[in-house]
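None of the figures in this text is laboratory data; all of them are computed from the coordinates on show. Keep in mind it's a predicted model, so treat the numbers as computed, not measured. When we count neighbours, we look across all protein chains shown, and the Cβ atoms used for this are built from the backbone with ideal geometry, even at glycine.
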Amino acid sequence: MRWVYLAVIILFAVATIVFAVQNFQVVTIAFLGFSARTPLALLVAVIYLLGTATGGSLLALLRRSVEGARRHTAGAF
């Protein structure tokens, strides 16, 4: 099953890279009064990296919570 997950991650990363390479137009982004002009490819890459970092952190936190809950309920019986 690990190889399936790895294949899906690689395919998604390749699709993201292809999208980024094909979209080098400069776009304007605005957030909370701050605006910046940046190439769309750079924006996609930064958002992808932020998503992988936060998604991995959230997954680790959820795993730790589930393991802690299992230990707590296993000790109660």
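At 222 nm, what helix-only mean residue ellipticity would the chain give, in deg cm²/dmol to the nearest 500, using -39500 (n - 2.57) for each DSSP H run of four or more?
Working: 2 runs with 58 residues, N = 77.
It lands at -27000 deg cm²/dmol.
From the backbone phi of segment 34-39, what are the Karplus-calculated ³J(HN,Hα) couplings (6.51 cos²θ - 1.76 cosθ + 1.60, θ = phi - 60°) in whole Hz, Gly and Pro given as x?
Per residue, the Karplus-derived 3J(HN,Hα) values read 9, 10, 8, 9, 8, x Hz.
Compute the FRET efficiency between GLN22 and ALA69 as 1/(1 + (r/R0)^6), taking r as their Cβ-Cβ distance and R0 = 35 Å, and round to the nearest 0.05.
So, using R0 = 35 Å, E works out to roughly 0.20.
Note the angle between two axes, namely the Cα long axis of helix 2-22 and the longest principal axis of the Cα atoms of the chain, as a number of degrees from 0 to 90, rounded to the nearest 10.
20 degrees
Taking amide H positions as placed in the peptide plane 1.01 Å from N, state which residues far from VAL27 in sequence (5 or more) or on other chains have amide H under 5 Å from it.
THR38, LEU40
Once you sort the root eigenvalues of the Cα gyration tensor of the chain as a ≥ b ≥ c, which label holds: rounded (a/c under 1.5), prolate (a/b larger than b/c) or oblate (the other case)?
oblate
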